[in-house]
Amino acid sequence: MINVCFCKKNKHETKKLYKFLKQTYTIKVKRKGCLGKCKTCKKGPFALIDGEMVKGNTVDELFCEVTYRLAKDWWEFRRK
């Protein structure tokens, strides 16, 4: 199962994206106090998907990146 983690200290509206993903998708979505990516966190919205950083200039771009990654994983899974 895919794990998506958001930093609670990120001030770029990632809380809204966290709530949306948690309600909409059947994936593990978590918010943690600090993910140790402070430079990235200050610059813009980001998430960790299975430990890999995904960034966007806006929360909308981050949403596109996260859903792209979910779709990509789905198609890789289907090929098996």
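Quick one: is Met1 exposed (fewer than 14 other Cβ atoms within 10 Å of the Cβ) and modelled with pLDDT of 95 or more? When the stated conditions are applied, Met1 does not pass them. Filtering Gly56, Gly44, Gly51, Gly36 for residues that are within 13 Å of the chain's Cα centre (by Cα), loosely packed, with under 12 Cβ neighbours inside 10 Å and not polar (S, T, N, Q) leaves a single hit, Gly51.
Tell me the residue from Ala71, Ala47 that is in a helix (DSSP H, G or I) and hydrophobic (A, V, I, L, M, F, W, C), please. Give the derivation first.
Values: Ala47 fails: in a helix (DSSP H, G or I).
Every option except Ala71 fails the conditions.
Does Lys42 fit the bill of being of a type in the set (Lys, Arg), in contact (Cβ under 8 Å) with a residue 40 or more places away in the chain and out of contact with any Gly (no Cβ under 7 Å at 6 or more places or on another chain)? Show your work before the answer.
Working: of a type in the set (Lys, Arg): yes; in contact (Cβ under 8 Å) with a residue 40 or more places away in the chain: no; out of contact with any Gly (no Cβ under 7 Å at 6 or more places or on another chain): yes.
So Lys42 fails the test.
Here Thr24 passes the criteria (1) surrounded by 12 or more Cβ atoms within 10 Å (Cβ to Cβ); (2) β-branched (Val, Ile, Thr); (3) over 9 Å from the mean Cα position of the chain (by Cα) except the one numbered (1). The sole residue among Lys42, Lys16, Lys9 that is more than 14 Å from Leu62 (Cβ to Cβ) and outside any loop (DSSP other than H, G, I, E, B) is Lys42.
The values are calculated or read from the model by the stated rules, or taken from the named source; none is laboratory data. Note that this is a predicted model, so its numbers are computed, not measured. With ideal geometry, Cβ positions are generated from the backbone for all residues, glycine too; neighbour counts draw on all protein chains shown.
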